[in-house]
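Working notes for the structure below.
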Amino acid sequence: MTDLGMRVYGLGALALGVIGLVWGDFASVWQPVPADVPNRLMLAYLVGVTLATSGLALLWRRTAVSGALTLAILYALGVVLLHIPRVVAHPLALSPWAGVAEQTALVSGGLIALALCFDGDTRRLTRVGWIMFGLSCLVFGAVHFQYEHDTAAMVPKYLPLGGVFWARVTGIAHIAAGLAIISGIRARMAAVLLTIMFAGFGVLIHAPLLASDFHNHLYWVMNAMNLALTGSAWVVADSLRGHTDELHP
C-alpha cells in the first residue's frame with residue numbers, strides 16, 4: 001500500500017468534514033444541496049461526520065479500505081444526486097459539468113486508493129479510476145478556457161506575464177494531463193506534474209485568500225477541496241508507478 005498520496009486525500013476529506021461540522025452546512029458550491037431538503041441540517045452534520053471519519057480512516061493502514069470505500073461512495077452520491085440533475089437541466093452549459101468533474105475526480109481517488117490497499121489483481125478498478133480522473137482533467141481544462149477571465153482574476157498579481165497567460169497555460173496542462181492519464185503515454189509524469197500544480201494552486205491562490213478572510217466559509221471550502229484534489233492526483237501518480245512509458249495494461 002502506498003501511503004502518502006492516500007493520506008493527503010484523506011486529509012482533504014477530513015478538512016471538508018470538519019468545515020461542514022463547524023458551519024453546520026454542506027461544502028458550498030461543490031455540494032449544491034437544495035435549501036428545502038427535509039432535515040437538511042441533520043443531513044449536513046451526517047455528511048460532515050462521514051467525511052471526517054473516513055478521512056481519518058485513510059491515515060491508518062488497517063482502516064484504509066473502509067475509508068476509501070466510504071469516500072468513493074459518498075462522492076459518487078454527490079455526482080448522481082446533486083450534479084447530474086444540473087447537467088440534465090443544462091446539458092450545454094459547462095459550469096454544471098465542472099461540478100461533475102470535481103466530484104468525479106474525488107470518486108476516482110477513492111477507487112484507486114481502495115485498489116492500492118489490496119495485493120491482488122485490481123487493474124480493472126484502477127483503470128476505471130484512471131479514466132474517470134483523466135476525463136475530469138479534460139473538463140477542468142475546458143473550464144479554464146470557457147471562463148478564462150474569471151480564472152485569470154484568481155491569478156496573483158505578482159506573477160509575471162499576466163492572469164490570462166496562466167489561465168491558458170494551466171488549462172492546457174489540465175488537458176494534456178488528462179490525455180496522458182487516459183492513454184497511458186507519460187501518464188506517471190503527467191500525474192506527478194498535475195499533483196504539483198494542484199499543490200501550487202493551494203500555496204499561491206487558496207491559502208492567501210483564506211489568510212485575507214479567515215472566517216469565510218467559501219475560502220475554507222476552496223482550500224479543503226484543493227487539498228482533496230491534490231490527494232486524488234497524488235493517489236493516481238502513486239498507482240502509476242511502474243507504468244512510466246507504456247500504455248496501461
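The values are calculated or read from the model by the stated rules, or taken from the named source; none is laboratory data. Note that the structure is predicted; figures quoted are calculated from it, not measured. Every residue, glycine among them, receives a Cβ derived from its backbone with ideal geometry; neighbour counts consider all protein chains shown.
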Conditions: (1) at pLDDT 95 or above; (2) farther than 24 Å from ALA27 by Cα. GLY231 meets all but one. Number of the miss?
-> (2)
So which residues in segment 148-192 are touching a residue at least 40 places away in the same chain (Cβ under 8 Å) and not in a helix (DSSP H, G or I)?
-> MET154, VAL155, PRO156, LEU159, GLY184, ILE185, ARG186
Just to be sure, is GLY120 part of a helix (DSSP H, G or I) and of a type outside the set (D, E, K, R)?
-> no
For segment 80-100, pairs from a residue that is in contact (Cβ under 8 Å) with a residue 12 or more places away in the chain to a residue that is part of a helix (DSSP H, G or I) and of a type in the set (Lys, Arg), with Cβ under 7 Å and 6 or more apart or across chains, are PRO96/ARG86; GLY99/ARG86
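Would segment 25-32 turn up any residue that is within 23 Å of ALA113 (Cα to Cα), of a type in the set (D, E, K, R) and either surrounded by 22 or more Cβ atoms within 10 Å (Cβ to Cβ) or in contact (Cβ under 8 Å) with a residue 60 or more places away in the chain (or both)?
Applying the first criterion (within 23 Å of ALA113 (Cα to Cα)) to segment 25-32 yields 27, 30-31.
After this cut, where a residue has to be of a type in the set (D, E, K, R) as well, the list is none.
Taking every residue of segment 25-32 in turn, none turns out to be within 23 Å of ALA113 (Cα to Cα), of a type in the set (D, E, K, R) and either surrounded by 22 or more Cβ atoms within 10 Å (Cβ to Cβ) or in contact (Cβ under 8 Å) with a residue 60 or more places away in the chain (or both).
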Test each condition in (1) buried (at least 20 other Cβ atoms within 10 Å of the Cβ); (2) within 20 Å of ALA237 (Cβ to Cβ) for LEU59 and report the one that comes out false.
-> (1)
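Every residue, every condition in (1) farther than 21 Å from GLY184 by Cβ; (2) over 16 Å from the mean Cα position of the chain (by Cα); (3) modelled with pLDDT under 95, yes or no:
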{"position": "GLY78", "(1), (2), (3)": "yes, no, yes"}
{"position": "ALA93", "(1), (2), (3)": "yes, yes, yes"}
{"position": "ALA98", "(1), (2), (3)": "yes, no, yes"}
{"position": "PHE133", "(1), (2), (3)": "no, no, no"}
Lone unmet requirement of (1) among the small types (Gly, Ala, Ser); (2) surrounded by 15 or more Cβ atoms within 10 Å (Cβ to Cβ); (3) free of Cβ contacts under 8 Å to residues at least 12 places away in the same chain for ALA35 | (2)
So TYR45 clears everything in (1) under 19 Å from the mean Cα position of the chain (by Cα); (2) among the aromatic types (Phe, Trp, Tyr); (3) over 30 Å from LEU240 (Cα atoms) except one condition, right? Which one?
-> (1)
Restricting attention to segment 211-223, the residues that are of a type outside the set (Phe, Trp, Tyr) and surrounded by 18 or more Cβ atoms within 10 Å (Cβ to Cβ) number exactly 3
For segment 77-102, enumerate the residues that are among the small types (Gly, Ala, Ser) and surrounded by fewer than 17 Cβ atoms within 10 Å (Cβ to Cβ).
-> ALA89, ALA93, SER95
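Can you tell me how many residues in segment 193-224 are farther than 19 Å from GLY171 by Cβ and assigned to a helix (DSSP H, G or I)? Walk me through how you get there before you give the answer.
Quick first cut of segment 193-224, residues farther than 19 Å from GLY171 by Cβ only: 203, 207-221, 223-224.
If we keep only those that are assigned to a helix (DSSP H, G or I) as well, we get 203, 207-212, 217-221, 223-224.
Selection size over segment 193-224: 14.
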For segment 167-220, how many residues are in contact with a Leu (Cβ under 6 Å, 6 or more places away or on another chain) and among the aromatic types (Phe, Trp, Tyr)?
-> 2
